[in-house]
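Engineer: Would you mind keeping the following structure in view while I ask a few things?
The values are calculated or read from the model by the stated rules, or taken from the named source; none is laboratory data. All figures in this text were calculated on a predicted structure; none of them were measured in a lab. Cβ atoms come from the backbone with ideal geometry, glycine included; neighbour counts cover every protein chain shown. Accessible surface areas use protein heavy atoms only, side chains included; no ligands, DNA or RNA. Shrake-Rupley method; radii C 1.70, N 1.55, O 1.52, S 1.80 Å.
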Amino acid sequence: LRLRGWWGADLLGAPEFWRTPLGSVLFGKLAAVTVMVAGQAVHDFWLGPRAGSAEVGSEEARARRRRAALLARMNFFVGLVLLYFAVALARGG
């Protein structure tokens, strides 16, 4: 952003910037990053440890692992969305 002259409080803090195509793409990318980091934190610090603490082979353990796996798959798709916004941003919005 800095190399292209899109960095600074005067630009990024301006409400009209976020209404431009470039601002919308940047917002989408930042939102995708936020969702991805939050999803990964839930997976690593909540669902994963809970799945590991359940009795091996129990129905509870299988259900917890399914939820952890589902969240990991969802995070993969958020990563694809993030990639889309990254390419769009590199192309100028």
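Engineer: May I ask you to verify whether ALA86 is farther than 19 Å from VAL37 by Cβ, open to solvent by less than 80 Å² (accessible area, probe 1.4 Å) and aliphatic (A, V, I, L, M)?
Structural biologist: On the way: farther than 19 Å from VAL37 by Cβ: no; open to solvent by less than 80 Å² (accessible area, probe 1.4 Å): yes; aliphatic (A, V, I, L, M): yes.
Judged against the criteria, ALA86 is not a match.
Engineer: Can you name the condition, by its number, that TRP6 falls short on among (1) at pLDDT below 85; (2) exposed (fewer than 15 other Cβ atoms within 10 Å of the Cβ)?
Structural biologist: Exception for TRP6: condition (2).
Engineer: Please enumerate the residues belonging to region 37-49 that are open to solvent by less than 60 Å² (accessible area, probe 1.4 Å) and under 14 Å from the mean Cα position of the chain (by Cα). Walk me through it before giving the result.
Structural biologist: Let us first name the residues in region 37-49 that are open to solvent by less than 60 Å² (accessible area, probe 1.4 Å), namely 38-39, 41, 43, 47-48.
ALA38, GLY39, ALA41, HIS43, listed by residue number.
Engineer: Right, another one. List, please: which pairs have Cβ atoms under 7 Å, are six or more places apart or on different chains, and start with a residue in region 67-93 that is in contact (Cβ under 8 Å) with a residue 40 or more places away in the chain and more than 11 Å from LEU26 (Cα to Cα) and end with one that is open to solvent by 40 Å² or more (accessible area, probe 1.4 Å) and β-branched (Val, Ile, Thr)?
Structural biologist: VAL78/VAL35
Engineer: If you don't mind, there's one more thing I want to ask. Counting just the residues of region 16-27 that are touching a Gly at 6+ places or on another chain (Cβ under 9 Å) and under 24 Å from VAL81 (Cβ atoms), which one comes out most open to solvent (accessible area, probe 1.4 Å)? Break it down into steps so the answer makes sense when it comes.
Structural biologist: Looking only at region 16-27, we keep the residues that are touching a Gly at 6+ places or on another chain (Cβ under 9 Å), and these are 16-17, 20-26.
Cutting the leftovers down to under 24 Å from VAL81 (Cβ atoms) gives us 17, 20-26.
Working: PHE17: 17, THR20: 51, PRO21: 94, LEU22: 24, GLY23: 0, SER24: 62, VAL25: 18, LEU26: 11 Å².
So, considering only residues that are touching a Gly at 6+ places or on another chain (Cβ under 9 Å) and under 24 Å from VAL81 (Cβ atoms), the one most open to solvent (accessible area, probe 1.4 Å) is PRO21.
Engineer: How do the pairs read when you match residues in region 31-50 that are more than 10 Å from ASN75 (Cβ to Cβ) with residues anywhere that are open to solvent by less than 60 Å² (accessible area, probe 1.4 Å) and of a type outside the set (Lys, Arg), using Cβ under 7 Å and keeping only pairs 6 or more apart or on different chains?
Structural biologist: Once the first residue is more than 10 Å from ASN75 (Cβ to Cβ) and sits in region 31-50, its partners that are open to solvent by less than 60 Å² (accessible area, probe 1.4 Å) and of a type outside the set (Lys, Arg) give ALA32/VAL78; ALA32/LEU82; ALA32/PHE85; VAL33/LEU82; LEU47/ALA68; LEU47/LEU71; GLY48/ALA68.
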